[in-house]
Each structure stands twice: as structure tokens, then as C-alpha cells.
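What follows is a single structure, written as C-alpha cells, with notes after it.
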Amino acid sequence: MSIQVEKVSYTYLQPSGEKVEALKDVSCSIAAGDFVGIMGHTGCGKTTLIQLLAGLRAPTSGRIYLNGEDINAKGYDKSSLRQKVGVMFQNPEYQLFATTVEKDVAFGLKYSGLGPREVTARVRWALETVGFDFEKVRNQSPLALSGGEKRRVALAGVIAVRPPILIFDEPIAGLDPYGRENFLNFAQEMNQAGTTMIMVSHNMEALAEYTKQLLVLEQGRLLGAGPTREIFTRLQQRKNGVFGETEAQRIATMLAEKDLPLSSGILTYTDLLAVLKQELAGGERE
Ligand SMILES: Nc1ncnc2c1ncn2[C@@H]1O[C@H](COP(=O)(O)OP(=O)(O)OP(=O)(O)O)[C@@H](O)[C@H]1O
Ligand SMILES: [Mg+2]
């Protein structure tokens, strides 16, 4: 399922009457099956863009198309969006509300047309996919879980619907390294199975390693869009290139300054290790 964003702007009206232009004339497209990262400084409009993609807000101007259909057009079945676009917002652990984990995860399936047995099977699958023992956790109160566990329950609720597009707003912020890798590998597997993934993150390493395309926002404008490697290279060449640099890029730059220039195009630790290994092997031969 593809997404087209056409000249989209969004203005918030604050209680004081002040207007905040959160998005300005943003156009981009996301192909079906892609893994897209959204990056940019805090307040640049990432969450707003996601809310628009999920149909939770309508653009002040411009259009958003899902498979060619304008999701804000009169007559578009907005309730069907829930089955098409799954969103996990920042701090999803605060969104759990049902009395049991099972009910919470099943909530999104209310209008799916599935029968009760199918719903249970789907909830089991979702909870097991995020690493829970279904029988153990199904009757627990979500409130009695740890923060990380709550987040996994929220994730189960989103994937239970099996939407073709999954959007994650800062999914790995606050997770430990194990939880982070677990989530990212999960996202990659879902993507390889055909789900279109969109992930907002401030984590340059995760964006570099996992996404295929990047959208960069700066103060509500789209600063760049394209293949992840190209975008990182372009960002590094900007004068104030501190933003949008991975650790591996930084290390490669530092080594170059110490007269150890490595081949260009180092973006991830995997790249850096491969090049260093090659250098060391070359050194031994001399
Ligand atoms: N409900 C709201 N009412 C008024 N202004 C808002 C509202 N939500 C966001 N804004 C403003 O819109 C702009 C974009 O906010 P948004 O939440 O989309 O940024 P973000 O890129 O997701 O930031 P972060 O990285 O901190 O999550 C900000 O200037 C913010 O102050
Ligand atoms: Mg945000």
C-alpha cells in the first residue's frame, strides 16, 4: 500500500490564538513495502506528519493519498484506515486502558469482522510475537506490568490488526540495548514479510542500519528525501553537519584527521568494522 503526500501544510491553533505552522508544503511518496525513517530536531513536525498519515488530523492544505485515494475526501471510509495504517505513538504505555491485557490487544479488532475465536487466535499471535506467554499474561491488568512490558502490549495491539502499513513514533527511546535490538529486528522482519514500515527516531544508528529511505524534516519543511545512504552523505556535507551523523561516520572522520583516511561511504558500525578489518589485513601484508 503506497502513500503520497502532496503539498501538505498543517497549522495548529494554540489556545492563546497563536498559530503554529507545524508542516509547510511537504510532498513525498512512500512505496509499498518500504522501510522509511523520519528524522529531524525536536518540534520539526514528525509526530504531526504521522498523525496526518494515519488520518487522525486532516491537513490544513494539501492532500494525502493511500493507494491513490485521498483519505480526506468526502465519502472516504475513515474507519477503514484503522485496518490499513497501524500507529504506535510516543510513550504508548500510557495508552493502555482495558482491564486485561487480552482485552486491550483485542480492542483494535472490534470492527475487523473477525469472529470471537479468530480474535482470540489473533491476540495470541500478537502477544506471542512480542514475546509474551499468552496464557500467563492474558488476564493480567496492563497496569501491573513494567514500562517495557506495557510497551510490548501496546505493540501487540497495533500488530494484531495486521495493517499493511505500520508507523512507529520513537519506538526505541528509553529501551535498553537488548529491547532496542529486539524491536528493530522485529520491525525488519515485519518489513521483510511485506509490511510498509515508517519509523520516527532520533537514533542515527538505528536509522542508518535499518531504514531504506529517509525523510528529513527541518522546522516543518522537508529538507530531504531519498535513499538512507544518500541522505546521510548529504547531511554530513552540510556545514553544521552535527545533526544526522552516525557514530561510525564520526569515528571515520576522526581517523581521517589523524592521517588514517578510510574509504568513503562508512555509515554504520558494520561498514566501519569491515573497512578496519581490510586495513589491518592490508597492514600485515606490507
Ligand atoms: N496540539 C498542539 N497544539 C499546538 N501546537 C502543537 C501541538 N502539537 C504540536 N504542536 C507544535 O507543532 C510543532 C511540531 O510538533 P511535533 O509534535 O509534530 O514535533 P516532533 O517533530 O514530533 O517533535 P519531537 O521530536 O519532540 O517529538 C511544534 O512546534 C509544536 O510545538
Ligand atoms: Mg514527536
**Prompt:** Percentage of Cα-Cα pair distances in the chain greater than 29 Å, rounded to whole percent?
**Reply:** 41
**Request:** Using the 2.2 N^0.38 Å rule of thumb for compact globular proteins, work out how the stretch 36-107 stacks up: its C-alpha Rg over that value, please.
**Result:** 1.31
**residue 221/residue 141 FRET efficiency (R0 51 Å; Cβ-Cβ; nearest 0.05)** = 0.70
**Message:** Give me the extension gain from residue 91 to residue 11: residue separation times 0.36 nm, minus the current Cα-Cα distance, reported in nm with one decimal.
**Reply:** 26.4 nm
**Request:** Please report the base-10 log of the normalised intensity I(q)/I(0) for the stretch 246-286, using a Debye sum with one equal scatterer per alpha carbon and no solvent, at each q in 0.30, 0.35 (1/Å).
**Result:** -1.05, -1.20
**Item:** Stokes-Einstein diffusion coefficient of the stretch 209-250, Kirkwood radius over Cα pairs, 4 °C, 1.567 mPa s, in µm²/s
**Value:** 121
**Item:** the chain: angle of helix 247-257 to the longest principal axis, Cα-based, in degrees nearest 10
**Value:** 10
**Between the stretch 1-42 and the stretch 112-127, the Cα center-to-center distance that results, in Å** = 33
**Complete:** Going fewest to most other Cβ atoms within 10 Å around each Cβ, 204, 190 line up as 190, 204
**Item:** On Cα atoms only, tilt of 147-159 relative to the major axis of the chain in degrees
**Value:** 70
**Prompt:** Among 247-258, 271-282, what's the highest-first ranking by average C-beta atoms within 10 angstrom per residue?
**Reply:** 247-258, 271-282
**Fill in**
Between residue 44 and residues 5 or more places away or on another chain, the pairs with built amide H atoms under 5 Å apart involve none
**Complete:** The answer for residue 61, listing residues at least 5 apart or on another chain whose modeled amide H is closer than 5 Å to its amide H, is 9
**Request:** Rounding to the nearest 20 debye, state how big the charge dipole of the stretch 191-286 is about its Cα centre with +1 on each Lys and Arg Cβ and -1 on each Asp and Glu Cβ.
**Result:** 380
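All of the numbers you see were taken from the coordinates with simple rules; none came from a lab. Model, not experiment: these values are computed from the prediction. When we count neighbours, we look across all protein chains shown, and the Cβ atoms used for this are built from the backbone with ideal geometry, even at glycine.
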